[in-house]
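The values are calculated or read from the model by the stated rules, or taken from the named source; none is laboratory data. Keep in mind it's a predicted model, so treat the numbers as computed, not measured. Cβ sites come from the backbone with ideal geometry, for glycine too, and all protein chains shown count toward neighbours.
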Amino acid sequence: MTLIKLAANVTASALLLGLAAFGVAALSGIGHRWVDILAQFTSPVLLAAVGVTVVCLLFRLWPASIVGGLMCVVLALSVWPQWTPTKGVPVPDQPIVRVYSANLYVFNTDVAAMRRSIAAADADILVLVELGQAPASRLDQLLPDYPHRVLIGQARAGDHARSIIASRYPILQGLPERPDGLSAVGATVQTPVGPINVFGVHLTRPWPYQYQWGQISQVMALSERMKAAPDHPVIAAGDFNSVSSARIGKQIQSDLGLIPAPGWPGTWPSQIPAFAGITIDQVYRSPDLELITRRLGEPTGSDHRPVITEFTRAQPPR
């Protein structure tokens, strides 16, 4: 082995080991906030590791290629839970409810793009967070087919970001806000598969932290709101600022008993191809609902991609 090849193998192996640290962080189960940051990026890092490994194979860097193969396995194991979450069995011949959820970005003024995206989705229920002043002032133009609405955020001075649930189906009741630090709108919607409690959620970002336990306490607040709501199936959608396999996603699944939709392709940031992004815009459901499909919607002018999901009743577990 020449000195150049030796140096190339060492350099590539070191790079691949560094990339694998993201997977190790996700698999470790360590809840520290800095470990959790690494766990958010396992999906794009896996793609990067595959790319580096392919380059090593092309240049016949066999030791580095072996390291790359092993590191890709570690990363694949770490990302697999968010790509292939638990599936149930749908009740046959039941209606389907389509949900469109999106972070519209508070300073986004491209109302025309938002309207095109919403119209193309043809959803039954909309869950919109970070609804800024421009779309909020033109709601009837933006949502002409969604007469039933619950909106929060419009009454607080200086609060320019609103959240809304809009529906083609009747809203039986809005679920009250609480002074618990959680930005979430809630409503019970009468759908063809029965009443569903729908929550539009926007958690604080994991970095830079506004306060260290912000996301954790907000998920605890969401749990309390769910307990106080009527006893119906649940859909919680919005910007959770976390992939489903990291700390907050695991907390939601264990403490709230909710199941995430698959997390690929990614939703953020919208400026890069979706296959290379991360899914922080989640759609969680209770086990009595079954996910039929999940796909990304048309652009809205936001830095987040919208998510379109379809649900029906799930058969009870055997």
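The single residue among ARG294, ARG247 that is in contact with a strand residue (DSSP E or B) (Cβ under 6 Å, 6 or more places away or on another chain) and of a type in the set (Lys, Arg) turns out to be ARG294. What about GLY29, is it surrounded by fewer than 22 Cβ atoms within 10 Å (Cβ to Cβ), closer than 30 Å to LEU291 by Cα and out of contact with any Ser or Thr (no Cβ under 8 Å at 6 or more places or on another chain)? Taking the combined requirement at face value, the residue satisfies it.
Scanning the range 252-273 for residues that are touching a residue at least 12 places away in the same chain (Cβ under 8 Å) and among the small types (Gly, Ala, Ser), we see that the one that is surrounded by the most Cβ atoms within 10 Å (Cβ to Cβ) is GLY263.
Taken as a whole, the condition of being more than 19 Å from VAL243 (Cβ to Cβ) and small (Gly, Ala, Ser) applies to SER286.
Pairs meeting the criteria (first residue in the range 219-233 and of a type in the set (Ser, Thr, Tyr), second residue at pLDDT 95 or above, beta carbons under 7 Å, at least 6 apart or on different chains) are SER223/ASP255; SER223/LEU256. Filter the range 274-297 down to residues that are part of a loop (DSSP other than H, G, I, E, B) and more than 16 Å from the chain's Cα centre (by Cα) and give me whichever is surrounded by the fewest Cβ atoms within 10 Å (Cβ to Cβ). So the residue we want is PRO287. Scanning the range 202-213 for residues that are farther than 24 Å from ILE165 by Cα and at pLDDT 70 or above, we see that the one that is surrounded by the most Cβ atoms within 10 Å (Cβ to Cβ) is PRO206. Just so you know, in the range 218-263 the residues that are of a type in the set (D, E, K, R) and in contact with a helix residue (DSSP H, G or I) (Cβ under 7 Å, 6 or more places away or on another chain) include one that is farthest from LEU172 (Cα to Cα), and it is ARG247.
Taking first residues from the range 238-251 that are over 19 Å from ALA102 (Cα atoms) and partners that are at pLDDT below 95 and of a type in the set (D, E, K, R), the Cβ contacts under 6 Å between residues at least 6 apart in sequence or on separate chains come to ALA246/ASP36; ARG247/ASP36.
For the range 127-180, taking the residues that are over 22 Å from ALA221 (Cβ atoms) and touching a Phe, Trp or Tyr at 6+ places or on another chain (Cβ under 8 Å), the one that is modelled with the lowest pLDDT is identified as GLY132.
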